[in-house]
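Colleague: Can you keep this structure in mind? I'll have questions shortly.
Derivation of every value follows stated rules applied to the coordinates shown; laboratory data play no part. Small disclaimer: the values here were computed from a predicted structure and weren't measured. Positions of Cβ are backbone-derived with ideal geometry, glycine not excepted, and every protein chain shown enters the neighbour counts.
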Amino acid sequence: MRHNLSGICRVILLLALMSLPLFYVETAKAQGDSDIDNLSSKIDEKREAIDALNSQIDSYKDKIENLQAQEASLYGEIDLLENRIAKTKLDIEAAEASIDLVNIELASLDGEIKTIQEKLNYQRELMAQVLRQIQTEDTAVPLELFFGNDSFSELFDNLERLSNVSEDLKKTVDEARSMKAALEEKVANEETKKGDLVSLEDSLDKDLDRLSEETGSKEILITQTQQSESEFQSLLQDVKQEQTFINQEILLLQQEIEGKLSEADQGGDSSVLSWPFSPTLRGISTYFHDPTYPFRNLFEHSGLDLPAATGTPVGVAATGYVAFTKTGRLYGNYVMVIHTNGLSTLYAHLSRIDVVADQFVARGDTIGAVGSTGLSTGPHLHFEVRKDGIPTDPLSYLISY
């Protein structure tokens, strides 16, 4: 009789333990809460700092918009670039602060997850002990109590306690289930934060690249104009003439050269273009009509910029004829190739040119090498695609990579 009563007591004791704050769990939780509170304070501080940075960034955006609306001048363009540089520096600072914020949030989440896991693991073990004890005592205890207990009062008291076991157990199970759901939610939130961190780090890399390009653009503008307004206006005039020449020549030569390709049956398929060299080398630094292009206030960016080491071979995107090779202030050394289907491609800032006008070239043939001639801030290929003489987005024609 005593053995079975002690079994009931063990069940009730286990349930009592499950419903009471456990010392080691609560002690760990108290310390965890203190750490989380400290992290929460840091999170608030970071958010305030980011808000302040974003306010400054918005102020620079307004300045940049006002400067872009003004008539092009040397000092206006330098002022514009300086404001863009200042804004990009703030963008970098904001991105770094955002990365710090996410890392702090991840640390806070990690603390919360560990606290929940500790409590959940302890409850799971207690529930397992209760279930094992109930299974041992469940069938024998009630009958022996009924037939063997001299005190009906004690009997009813113990039976009442036993009847509460399943209800208390259900409450504990429900609490454990709730904690498990909270744990899963926090783990999912942690994964989201990790994804945010990757995006922020990628954004920071792009901001750093943009800062380098904007700083280089300011330097090359000062160098090419010798800080003279008349030289700046001369540069603008040369650029416009260069663009006008290209537009006119393409219109004159496109039909003639396409006919030549057709007669020789050498046109091939130019509906899909090959990359001049693998874009996986260093990616694409500037896109077609890119809003971040430093000289966009003067002219749109009419192609793709592909960074690469000086001397990297440049292959022609499709079979065609070289329309012309030139050297200009904007494009530096450049080559124009005409293909079928009204398409033509342009390769600019070359360190050398390996072809001549009216030369037939097959897809992939080397036409020159990467350089930094003309209005360029560093070694890269400026690659254009034109449809019926009009610049269009090269990505619409290039093979996916």
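Colleague: Among 252, 74, which comes first, then next, by fewest other beta-carbon atoms within 10 Å?
Modeller: By the 10 Å Cβ count, ascending, the order reads 252, 74.
Colleague: Okay, moving on. Residue by residue, what Karplus-based ³J(HN,Hα) values in Hz, rounded to whole numbers, does the stretch 288-304 have, using 6.51, -1.76 and 1.60 with θ = phi - 60° and x for Gly and Pro?
Modeller: Working through the residues one at a time gives 4, 6, 5, x, 8, 4, x, 9, 4, 5, 9, 6, 6, 7, 9, x, 10 Hz.
Colleague: Tell me, what ³J(HN,Hα) does each residue in the stretch 220-225 have, in order and in whole Hz, if you take phi through Karplus 6.51 cos²θ - 1.76 cosθ + 1.60 with θ = phi - 60° and put x for Gly and Pro?
Modeller: 5, 5, 5, 5, 6, 9
Colleague: For a paramagnetic label modelled at 7 Å from the Cα of residue 272 toward its Cβ, which residues of the stretch 302-330 fall within the zone defined by backbone nitrogen distances under 18 Å?
Modeller: Residues passing the 18 Å test: 316-320.
Colleague: Right, another one. Okay, which of the stretch 198-223 sit inside 12 Å, backbone N to the point 7 Å along the Cα-Cβ direction of residue 89?
Modeller: 215
Colleague: Once the piece of chain linking residue 359 and residue 63 is laid out straight, how much longer is it, given 0.36 nm per residue of separation minus the C-alpha distance between them?
Modeller: The residue 359-residue 63 span can extend by a further 101.6 nm.
Colleague: Okay, next question. Could you put 372, 41 in order, starting from the residue whose Cβ has the fewest other Cβ atoms within 10 Å?
Modeller: Least crowded to most crowded, the residues run 41, 372.
Colleague: Gain in length, residue 125 to residue 263, computed as 0.36 nm per residue apart minus the alpha-carbon separation, to one decimal in nm?
Modeller: Contour length minus the Cα-Cα distance gives 41.2 nm.
Colleague: Let me ask another. Tell me, what ³J(HN,Hα) does each residue in the stretch 376-384 have, in order and in whole Hz, if you take phi through Karplus 6.51 cos²θ - 1.76 cosθ + 1.60 with θ = phi - 60° and put x for Gly and Pro?
Modeller: So the J values, rounded to whole Hz, are 9, 9, x, x, 6, 9, 8, 10, 10.
Colleague: Could you calculate the FRET efficiency of residue 71 with residue 287 from 1/(1 + (r/R0)^6), where r is the beta carbon distance between them and R0 is 35 Å, rounded to 0.05?
Modeller: 0.85
Colleague: To the nearest 0.05, how large is the calculated FRET efficiency for residue 399 and residue 37 if R₀ is 56 Å and r is the Cβ-Cβ distance?
Modeller: 0.55
Colleague: Counting other beta carbons within 10 Å of each Cβ, put 356, 102 in order, fewest first.
Modeller: The most exposed by this proxy come first: 356, 102.
Colleague: Which number comes out as Rg/Rh for the stretch 230-396 once both Rg and the Kirkwood Rh are worked out on C-alpha atoms?
Modeller: Answer for the stretch 230-396: 0.95.
Colleague: Where the centre of each part is set by its Cα atoms, how far does the stretch 65-91 sit from the stretch 324-401, in angstrom?
Modeller: Here the two parts' Cα centres lie 30 Å apart.
Colleague: Report the residues of the stretch 83-123 in range of a label on residue 223: point 7 Å along Cα→C-beta, backbone N strictly under 15 Å from it.
Modeller: Within reach of a label on residue 223, which here means backbone N under 15 Å from a point 7 Å along Cα→Cβ, the stretch 83-123 contributes nothing.
Colleague: Enumerate lysine pairs in the stretch 187-310 that are 8 or more residues apart or on different chains, then count those whose Cα atoms are under 29 Å apart.
Modeller: Taking the stretch 187-310 as the scope, the lysine pair count is 4.
Colleague: May I ask you to compute the full-extension gain from residue 366 to residue 182, defined as 0.36 nm times their residue separation minus their alpha-carbon distance, rounded to one decimal in nm?
Modeller: 60.2 nm
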